[in-house]
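Only the coordinates and a few stated rules stand behind these numbers; no lab work does. Note that the structure is a prediction, hence the values are computed from the model and not measured. Cβ sites come from the backbone with ideal geometry, for glycine too, and all protein chains shown count toward neighbours.
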Amino acid sequence: MKAGRFWAWVVFALGAAYFFIPLIATVEFSMRMRRGVYSFDAYKVVLGDARFQATFGYSVLAAVFTIILGVLIVVPAAYWIRLRLPQLRPVVEFITLLPLVIPAIVIVFGYIRMYGSNSPLPFLATDTGTNALLVIGYATLALPYMYRAVDTGLRTIDVRTLTEAAQILGAGWGTIITRVILPNVLIAVLSGAFLTFAIVIGEFTMASLLNRPAFGPYLQNIGANRAYEPAALAIIAFAITWGCMSLIQILSRFAPKSANRPN
Amino acid sequence: MTDLSLSNQAIAGKTVPPGEARALRLPTQWLGVAPFFIFAIMFLILPTLYLMLGAFQNDAGEFTFENIAALAQPSIVAAYWISIKVSLASSLIGAFAGLAIAIAIVRGGLPDWIRSATLTFSGVASNFAGVPLAFAFLATLGRLGLATVLLNTLFGLNIYAHGFNILSFWGLTLTYVYFQIPLMVVIIVPAIDGLKKEWGEAAATLGATMAQYWRMVVIPVIWPSFLGTVILLFANAFGAIATAYALTGSSLNIVPILLYAQIRGDVLHNAHLGYAIAFGMIVITGLANVFYIWFRTRSERWLK
């Protein structure tokens, strides 16, 4: 057991080195902008850049719409499948796994060819349409995570009894979903939402191919043209990802732990 | 899709009472899942099918295998080959390193806080991909990166003089490993947790040595989820583009970058060849996932 523990420490130390050296190097590099001394100049330049503010704002907005769209699609479907159509579960699970099989670049390529200006559904003919298509594309990317989060949340509550109780009290379907089911799976939905946010905020492929002024293409552009700013942006992006994951962890502490009645 | 409509009828037959209720209740039964299916069909399935069909059509819309055959040209084959190599190398390295770390934190007798800290960090790092990851590695192993400079000044080792380049196969692989290892850790830790303590005790009671316990109990139980995860990592790396594009521009010709250039500017001068490349990507990641699902169903038996 002694030897085992020694090797466990060795493996852990090697892993920690591989994961922390790039972070330390990036922090160090991002502070080298002023010759000879460490400074936060690169961060000042980045945060003061009007394009940073504009593209970051755009991506935050896209992420918010993606989350709303994802919730609207996933929550009713996951709820209804638990309640009435358990036979459909394998089909739905298969579909939610598809975005992991079909690369994002292929999905957006399909959009460009199917929803061009001359097609019956010309999403790409207008700016608003293209923005909508980007949000839709992001929602497909987030689908596996959103569905799994919501489904896990639903598993821990007794969907059937809650629904029947609400019905007896005279609630309609809209009331049941918004005032009974959603509050009960809110924590799961929020976990899915923060994960979606982390995925979407720096996304490059779809935004770039749809020519949207999003954060991902801006990052790529800065990377191709500047020296120190990219490192500062990498640290900012890491902090955002970290923030999202921490929020998920904090939320998971409030989530109900066990299934009341697995069905 | 035929599958779907079949189950459709089966459900309708089962749940709807006979008589006039049929006309009234059938639509509401489907209303809840309708947005999901409409969304999935319009924005996930149809666009993909459109490309897959396009891969077998020429400009006049006639059926042909020409586009698929045209994939055999050297530059495209080279792109597929380097993509497969990078994905395979990064998934294998990521998988074994991730497994070692997972075993170390679960079974190695390390303090508890290390386990939870590693899992938290893994959650973050597995989602830290794309353009920022490329920046981090340029700052580390680029020509002026900290690791490059330190290795040179402290040990006199100039890795660029020894043929290393961040804009190369190994550079890209080393970068991909940064999100592959954490993904492996996140997925495989539950599998290792699933190894019951009783199995170790039973093996010990029967007089098994530590090596026998590992060879005859642990490895057979972990094996399917391990292999399944390797495949997931492979597909994960195969479809990724942002990191590679930000890291190497278009100097490293992997398939997603080739497809990206084709979508932007028709560099291959044949729109349907682009469809064929997309088709090839779906076939490779699709095959990978078929294996993944197969291994997963095998591994789930043990994790209940």
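What is the mean number of Cβ atoms from other protein chains located within 10 Å of the Cβ atom of each residue in peptide B:287-298, rounded to a whole number?
Mean partner shielding for this stretch: 1.
Placing one identical point scatterer on every Cα of region B:117-180 and ignoring solvent, what is log10 I(q)/I(0) from the Debye formula at q = 0.12, 0.23 Å⁻¹?
For the requested q values the scattering log ratios are -0.35, -0.94.
Please work out whether region A:5-138 counts as rounded, prolate or oblate from its C-alpha gyration tensor, where a ≥ b ≥ c are the square roots of the eigenvalues and a/c under 1.5 means rounded, while otherwise a/b larger than b/c means prolate and anything else oblate?
Oblate shape, in that a/c is at least 1.5 and b/c is the bigger or equal ratio.
Could you work out the helix-only [θ] at 222 nm for chain A, with each DSSP H run of four or more residues adding -39,500 (n - 2.57) and the total divided by the number of residues, to the nearest 500 deg cm²/dmol?
Taken over chain A, the calculation gives -24500 deg cm²/dmol.
Just need log10 I(q)/I(0) for region B:73-300 at q = 0.10, 0.11, 0.15 Å⁻¹, Debye formula, equal scatterers on the alpha-carbon atoms, no solvent, rounded to two decimals.
Here log10 of I(q) over I(0) equals -0.57, -0.67, -1.06.
Given the DSSP H assignment, sum -39500 (n - 2.57) over each helix run of at least 4 residues in chain B and divide by its residue total; what's the result at 222 nm in deg cm²/dmol, nearest 500?
Taken over chain B, the calculation gives -23500 deg cm²/dmol.
Per-residue HN-Hα couplings for region A:13-24, Karplus 6.51 cos²θ - 1.76 cosθ + 1.60 at θ = phi - 60°, whole Hz, x for Gly and Pro?
Whole-Hz 3J(HN,Hα) from phi for region A:13-24: 5, 4, x, 4, 5, 4, 7, 8, 4, x, 5, 4.
For peptide A:224-233, what's the mean number of Cβ atoms from other chains within 10 Å of each residue's Cβ?
What the average comes to for A:224-233 is 3.
Across peptide B:239-249, what mean number of C-beta atoms from other chains lies inside 10 Å of a residue's C-beta?
Per-residue shielding by partner chains comes out at 5.
Which ³J(HN,Hα) values, rounded to whole Hz and listed in residue order, are derived for region B:184-195 from phi using the Karplus coefficients 6.51, -1.76 and 1.60 in 6.51 cos²θ - 1.76 cosθ + 1.60 with θ = phi - 60°, glycine and proline given as x?
4, 4, 4, 7, 8, 4, x, 5, 6, 4, x, 5
Taking amide H positions as placed in the peptide plane 1.01 Å from N, state which residues far from B:Gln57 in sequence (5 or more) or on other chains have amide H under 5 Å from it.
It is B:Thr64, by chain and number.
Per 5 Å bin, what percent of the C-alpha pairs of region A:60-211 does each bin hold, from zero upward?
The distribution over region A:60-211 is 2, 9, 17, 19, 17, 13, 10, 7, 4, 1, 0, given as percents.
To make sure I understand, if each residue's beta carbon is the centre and we count other beta carbons within 10 Å, what order do B:Thr205, B:Thr173, B:Thr140 fall in, fewest to most?
Going from least to most buried by this count: B:Thr205, B:Thr173, B:Thr140.
How long are the semi-axes of the ellipsoid equivalent to chain A, from square roots of 5 times the Cα gyration tensor eigenvalues, in whole Å, largest first?
They are 38, 28, 17 Å, listed from largest to smallest.
Quick one: if the Förster radius is 56 Å, what FRET efficiency do A:Ala171 and B:Leu157 give, using the C-beta to C-beta distance and rounding to 0.05?
According to the calculation, E is roughly 0.20.
Over the C-alpha atoms of the protein assembly as shown, what are the Rg and the largest Cα-to-Cα span, Dmax, in Å?
Computed over the Cα atoms of the protein assembly as shown, radius of gyration and Dmax are 25.1, 87 Å.
Can you give me the orientation-averaged projected area of the convex hull built on the Cα atoms of region A:162-263, in nm²?
For region A:162-263, the mean projected area of the Cα convex hull comes to 9.7 nm².
Applying a 10 Å radius around every beta-carbon, put B:115-126, A:194-205 in order of their mean neighbour count, most first.
Listed from highest to lowest mean packing, they are A:194-205, B:115-126.
Just how far, in whole angstrom, is region A:213-245 from region A:65-95 if you go by their alpha carbon centroids?
After rounding, the separation between the Cα centres reads 33 Å.
How would you classify region B:47-87 from its alpha-carbon gyration tensor, with a ≥ b ≥ c the square roots of the eigenvalues: rounded for a/c under 1.5, else prolate if a/b is greater than b/c, otherwise oblate?
Here region B:47-87 falls in the oblate category.
What ranking do B:Glu198, A:Glu28 get, fewest neighbouring Cβ atoms within 10 angstrom at the top?
B:Glu198, A:Glu28
Would you count, across the protein assembly as shown, every pair of lysines whose alpha carbons are under 21 angstrom apart, provided the pair is eight or more residues apart or spans two chains?
Eligible lysine pairs with Cα atoms under 21 Å apart amount to 4.
Could you quote the convex hull projected area for region B:233-293, Cα atoms only and averaged over all directions, in nm²?
Here the figure is 4.3 nm², rounded to one decimal.
Decide, for region B:145-233, between rounded, prolate and oblate: order the square roots of the alpha carbon gyration tensor eigenvalues as a ≥ b ≥ c, take rounded if a/c falls under 1.5, and otherwise choose prolate if a/b is larger than b/c, else oblate.
Judged from the Cα gyration tensor, region B:145-233 comes out prolate (a/c at least 1.5, a/b above b/c).
What is the fewest-to-most order of A:Asp41, A:Asp127 by other Cβ atoms lying within 10 Å of their Cβ?
Exposure proxy ranking, most exposed first: A:Asp127, A:Asp41.
With θ taken as phi - 60° and the coefficients 6.51, -1.76 and 1.60, list the Karplus ³J(HN,Hα) couplings across region B:58-68 in order, rounded to whole Hz; mark glycine and proline as x.
9, 4, 7, x, 8, 5, 7, 9, 4, 5, 5
Give the separation of the Cα centroids, region A:110-172 to region B:143-219, in Å.
37 Å
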